[in-house]
Amino acid sequence: MSYPRIAVLFGIAISIIIFIISTALYSRSSLSDQNSSKLYTFGGHTPGYPTLQTTGDVLDPTSLVINPKTAVVDPMKYLREFNYGKLSTSSNGTVIRDFTMIASDQQTKEVSPGVFYNVWMFNGTVPGPTLRATEGDTIRITLINNGSKFHSLHFHGIHPSEMDGVFEGIAPGGKFTYEFTAEPFGVFPYHCHMQPLEEHITHGLYGALIIDPKKPRVSADEMVMLMNGYDTDFDTENNFYTVNGIPYYYMHHPIQIDKNRLIRIYLVNMLEFDPLNNFHLHANMFNFYKTGTKLIPDEYTDIVTMNQAERGILEFSYKYPGKYMFHAHKTEFAEKGWTGLFLVKEGTNQSINENLNVTSIKNITNYSTTGFNKTADVVSTGGVN
């Protein structure tokens, strides 16, 4: 046998031995990590999701924490915060709701631990604030453009053409007041409609408008969830997917709800670049009201799929206490951040929205006032005003 051939065979043998030893050591290390009593493994649908040390019953990680001062939003506060505007009444008795929206496009915020992105915002957050009115109210929204580009406000729903926010952009430093009647009832997205449109949406200029029916829906624990993504390397493909602005946030900070309490989620898809997005609820089913414009559900299901700007209302309750996942059933989206948990607890079966008389939320330009690595208290906001 020639020397070169012997050298090749020897090299192959050495490589096989190194591979066997490395595999054995890796397996032993992995088993050791899995057997640690101090660590929890998150996410059955998220291969590679890190093993994190937590501080107790609620999965509250001691790593992968975003600084509230630099974060794009406080997702726990955003979840149940509704802006009803400043109220007044016209001479004919119509309720008028005045809102102020401030557009910006110069700030850089943290959208995932250690990942900073140039976000374009309404009132200082992505998503923008959730506006709320009752069918028949007069809505007046003054948009102030503090950005460096032209911006506008386009609302889905019914209104005059001059209030559509498409043809007349607001120049930097300018302002404009949109005024229209709140109709019909349902849940609607709003967003900037300046060109290039995908740039304004993917950077964050969007939010939700809820119009309640004149006869209020039954009492519930109400939440808003906007599905979105971030293209942080500008290749028109999303690197992160979220609900309410920060990837994995509700995995680290489960949403606490009461057993047997009706939950109502206003769900909006504002994901850019990907044609479809969806919401899947574990170990349960929900009534789905497409666009929220009917009082009779369209279907009873555990998953709903939406194109961009599609939306609806989900209603459900949990019979059993425990932790339950919700996430996009598109595996890529779940593995890149669009996944969370509900923590169902024994409760009083009373809505956190009951006996509430909220007419407006002021100073909404700064949500980031609490430490995100601490479990947020349930905020008594929502309901019909």
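The values are calculated or read from the model by the stated rules, or taken from the named source; none is laboratory data. Predicted model only: the values in this text are computed from it and were never measured. Methodologically, a virtual Cβ is constructed for each residue, glycine included, from the backbone with ideal geometry; neighbour enumeration extends over all protein chains shown. Note: areas computed on protein heavy atoms with side chains; ligands, DNA, RNA excluded. Shrake-Rupley method; radii C 1.70, N 1.55, O 1.52, S 1.80 Å.
List of remarks:
- R0 of 35 Å, Cβ-Cβ distance F234-K259: FRET efficiency to nearest 0.05: 0.20
- Note on D274: accessible area approximately 40 square angstrom, rounded to 10, probe 1.4 Å, nucleic acids and ligands left out.
- Within the full protein context, the accessible area of K149 is estimated at about 80 Å² for a probe radius of 1.4 Å.
- Its Cα centre serving as origin, region 110-171 has a Cβ charge dipole (Lys and Arg +1, Asp and Glu -1) of approximately 180 debye.
- Computed across region 215-271, the Kirkwood radius stands at 13.4 Å (inverse of mean 1/r, all Cα pairs).
- Full-extension gain in nm, E135 to T94, via 0.36 nm per residue minus C-alpha separation: 13.7 nm
- Rg/Rh (Cα only; Kirkwood hydrodynamic radius) as it applies to region 222-327: 0.98
- Proximal charge balance of F155 [Cβ under 12 Å; K/R count +1, D/E count -1]: -3
- Here each label is just a point 7 Å from Cα along the line to Cβ, and for V115 and E299 those points are 3.0 nm apart.
- In terms of distances greater than 23 angstrom between alpha carbons, the cross-link table entries K69/K323; K69/K175; K109/K149 yield K69/K323; K69/K175.
- Electrostatic dipole magnitude of region 283-334 [Cβ: Lys, Arg +1; Asp, Glu -1; Cα centre; debye, to 20]: 140 debye
- Given R0 = 22 Å, the distance between the Cβ atoms of L197 and L87 translates into a calculated FRET efficiency of 0.10.
- The local environment of H280, defined by Cβ-Cβ distances under 11 Å, has a net charge of 0 under the rule Lys, Arg +1 and Asp, Glu -1.
- Seen from V187, the other residues with C-beta closer than 14 Å to its C-beta sum to a net charge of -1, counting Lys and Arg as +1 and Asp and Glu as -1.
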